[in-house]
1. Could you check segment 423-463 and list, in sequence order, the residues that are away from ligand 1 (no atom under 16 Å from the Cβ) and closer than 19 Å to ARG143 by Cβ?
2. Between ARG242, ARG286, which is out of contact with any strand residue (DSSP E or B) (no Cβ under 8 Å at 6 or more places or on another chain) and either more than 20 Å from GLU331 (Cα to Cα) or among the charged types (D, E, K, R) (or both)?
3. Considering segment 463-485 alone, what residues qualify as being open to solvent by 30 Å² or more (accessible area, probe 1.4 Å) and either in a loop (DSSP other than H, G, I, E, B) or in contact with a strand residue (DSSP E or B) (Cβ under 9 Å, 6 or more places away or on another chain) (or both)?
4. When ILE124 is evaluated against the numbered criteria (1) open to solvent by less than 30 Å² (accessible area, probe 1.4 Å); (2) not in a strand (DSSP E or B), which criterion, by number, is the only one it fails?
5. Among (1) buried (at least 21 other Cβ atoms within 10 Å of the Cβ); (2) at pLDDT below 95; (3) more than 38 Å from the chain's Cα centre (by Cα), there is one condition THR460 misses while meeting the rest; what is its number?
6. Please specify each residue of segment 422-449 satisfying the condition of being of a type in the set (A, V, I, L, M, F, W, C) and surrounded by 13 or more Cβ atoms within 10 Å (Cβ to Cβ).
7. Output the residues belonging to segment 709-760 that are open to solvent by 60 Å² or more (accessible area, probe 1.4 Å) and among the charged types (D, E, K, R).
Amino acid sequence: MQPLPKEYNFSEIERKWQQKWEEMGIHRFDWKDTKNVPFTIDTPPPYPSGELHMGNVLNWTYFDIVARYKRMLGYNVLFPQGWDCHGLGIEIQVEKENKIRKRDVPPDQFRKWCELLVEKYISIMKEGILKLGCSIDWTTEYRTMDPDYWRRTQLSFILLHKKGYMYQGTHPVNWCPHCETAIADAEIDYERREGTLNYIRFPLESGDEYLLIATSRPEFIPACVAVEVNPEDERYKEYIGRKVIVPFTDRKVTIVGDEAVDPDFGTGVVQICTYGDKEDVKTVMRNRLPVITLLTGNGRLTENGGKYADMTINQARKVIVEDLKAADLLEKTEKIMQEVGVCDRCKTHVEILEVKQWFMKTRSLTDSVEKTANEVVWYPDYMKTRLIDWARSLDWDWVISRQRLFATPIPVWYCKNCNEIILASEEWLPIDPKLKNPPIDKCSRCGGREFIPEQDVFDTWMDSSITCAVHAGWPDLEDWRKRFPADVHPSGIDIIRTWAYYLMVRHLALFNETPYKSCLINGMVLGADGRKMSKSLKNYVAAPEVLNKYGSDATRQWAAGGGATGSDIPFRWPDVEYGRRFLVKLWNVSSFASKLLADYNPTKAVEPGLQPLDKWILSKAAKLIRTVTDAMEKCQFNIAIEEIRNFTWHAFCDSYVEAVKDRLYKPETHGEVKKLAAQKTLYEGLYVVLQLLAPITPHLTEEIYKTMYASDKGFESIQTSPWPKPDYVKEDERAELRGDLVVALIAEIRREKAEKRMPLNTPIKKLTIYAGDHSAAEAITESQNDLIGACKVESINVLPEEGIGRDVVQYPHLQFVAEYE
Ligand SMILES: [Zn+2]
Ligand SMILES: [Zn+2]
């Protein structure tokens, strides 16, 4: 056995193993393996944002622990890595960096800039993931912006179109006027913002009466198509069916009774406009009201806005309020706090526009989503209701088309003559219809020979919601179903409503099967102050800073141990520092062991056998294997790391090693046989710790394994060694109880010396132990040699009775009297 150096140099060790593992290829999935069961991880391809943040560290650590653990259990683990490139975020950043709007440059140029920016961001994030030491199979790396990936997204669209899941419709959609595109419900954030409630007089058609309407969106008056009251509201009952005149128009609209109106909000009378909000959409549909299109795609008023046409929403609001005042129609205004739906990319107030879009029929799948979500295993279990509640809350189908440039093209053309949809054939893919005509002679319906390409592109979730099938090898590998559904889909709590949901509906629609068997949820990373980590709150810590300062193994312990799986986890430097201290402790005890095991031969049998304290620690190690395996099976990483750290630090280092040091150093006193027993126990006990830790702190454990164990154990890497079974060492309840008592006694004696400010190796002339009863006395006598060695006792007397002396913590019937010089 080689000795470990005294100093633990984490950055050198971590860099070395990250390189070597890649050279060894031990993280690669074996596509031809027919012997080992595959275990597939649906790594969510991250959106390249240009920075690895602590949230990324948290979720990559989670799935890397799973990957490494499953490999040690003998699975053929598929841990792929992709990049979800498309989307508004990148376009907005390119516009900002180049100080342009997307339409100012040719589309090809714009796309190129997006690709370059994505590549730059990927390389930054990849560097962080490599530094974290994730056991990814890099031969699987892919980018959703590559035409080869488009092919899969486009194929999934064509298949779903053929199955009747895709349709075009003119339907109200969420629209970001800044990004100038439709967006899905999942892309809306809600913010509390201050608004103004305007009390406006709407004159009744007959007479000089008026109804007072409270609205925070007076700019929508030109699109008012009805006025509503609650039919139970005594104040307004009699007005139902009569008409009011919409200010600044000559339009008369009906007063409608609708139970959805809250009589306590504002005045109890509301205007229905197309569309002020989602409620308006429902009312218009229910009452078959006309639609007046008020907004353009870039957030200005149309000619239906009359004198306000061409103004922005904000300009129009200001001018209308002034006009209302001038016309004496504004009774009063008051400030209110309201919940506003905003674009999750640019925080612009989301509007509702009625436009022609592509949709996927998702609401018809809701029952199936609920049933499947209940069959999937969730870590933790209560997370499944988030998915089910979200699916149940959706009012509209998923709008999958976007009016952007940097995205997968929708593989569709239209016949110029008869407007027939020409759907691409599977063998034409990948294809950009804007660059290529469909390879057909004529329209099958009218014989027309001219085609107009679809200008819209796919929502980026169309790319990333087929990963479970894509990772398995769909559609190219014939046996892809062997790796589908994915064994685990890891997801952040904040993206259950997007990622977990879209994966579910798309795979259910495509293959009528769940995409994943289990879902592993991580919470959010909070700042040290317990608030959400963000740069504006000044509690933000960048991942590279942590990794450079403390290394991956210490940082991974924070991620694993920061809190229960699924809960929000604060980032605190002391947690990482504690992880670091633990690694130093483990390094030191290993370095110590490597010297004392220099002459140890693991194949040599220990005769006549192990000593009581050897059996004690090995039994605890067996129990540890059981608890940690159980925790790993349940993805309770915090329990696993805590149990391992407690065992290592307290039972193994502080109690066992201290108790047997004398046996190891002085075989001339104790005999070679007892030294060999301690060596064997040290050797096996430390090996258990290293193996159990290997998925969580892979670098340090590999370094120690390679130096101390590889030549005997024979595995290429600790990562490819088989996960220890609980019966690897023997559990022995009696030995544990007896050993607990002895180590408590040793600890109490050492504590007394410390309190008396004596060095720990101060000899005790005479030690009298009042064991309380015969069985305790027997337990102490059995381990008397270790006790004498550890406490430097010159003469010992163990009595089976209680007596007057220093009490031993937690053993009320055990006392001792130590006499020093
Ligand atoms: Zn936006
Ligand atoms: Zn045609």
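The values are calculated or read from the model by the stated rules, or taken from the named source; none is laboratory data. Note that the coordinates shown come from a computational prediction; the quantities given were computed from them, not determined experimentally. Methodologically, a virtual Cβ is constructed for each residue, glycine included, from the backbone with ideal geometry; neighbour enumeration extends over all protein chains shown. For accessibility, only protein heavy atoms count, side chains too; no ligands or nucleic acids. Shrake-Rupley method; radii C 1.70, N 1.55, O 1.52, S 1.80 Å.
1. Within segment 423-463, LEU429, PRO430, ILE431, ASP432, PHE458, MET462, ASP463 qualify.
2. Answer to the selection: ARG286.
3. The answer is PRO475, ASP476, LEU477, GLU478, ASP479, LYS482.
4. (1)
5. So the condition that THR460 fails would be (3).
6. Our first condition is that a residue be of a type in the set (A, V, I, L, M, F, W, C); within segment 422-449, this holds for 422-424, 428-429, 431, 435, 440, 443, 446.
ILE422, LEU423, ALA424, TRP428, LEU429, ILE431, ILE440, CYS443, CYS446 - these are the residues of segment 422-449 that are of a type in the set (A, V, I, L, M, F, W, C) and surrounded by 13 or more Cβ atoms within 10 Å (Cβ to Cβ).
7. ASP712, GLU716, LYS725, ASP727, LYS730, GLU731, GLU733, ARG734, ARG751, GLU755, LYS756, ARG757
Okay, residues lined up against (1) touching a residue at least 24 places away in the same chain (Cβ under 8 Å); (2) open to solvent by 10 Å² or more (accessible area, probe 1.4 Å); (3) part of a helix (DSSP H, G or I); (4) in contact with a Gly (Cβ under 7 Å, 6 or more places away or on another chain):
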{"residue": "VAL628", "(1), (2), (3), (4)": "yes, no, yes, no"}
{"residue": "ILE641", "(1), (2), (3), (4)": "yes, no, yes, yes"}
{"residue": "THR648", "(1), (2), (3), (4)": "yes, no, yes, no"}
{"residue": "GLU658", "(1), (2), (3), (4)": "yes, yes, yes, no"}
{"residue": "ASP662", "(1), (2), (3), (4)": "yes, yes, yes, yes"}
{"residue": "LEU676", "(1), (2), (3), (4)": "yes, yes, yes, no"}
{"residue": "GLN679", "(1), (2), (3), (4)": "yes, no, yes, no"}
{"residue": "TYR683", "(1), (2), (3), (4)": "yes, no, yes, no"}
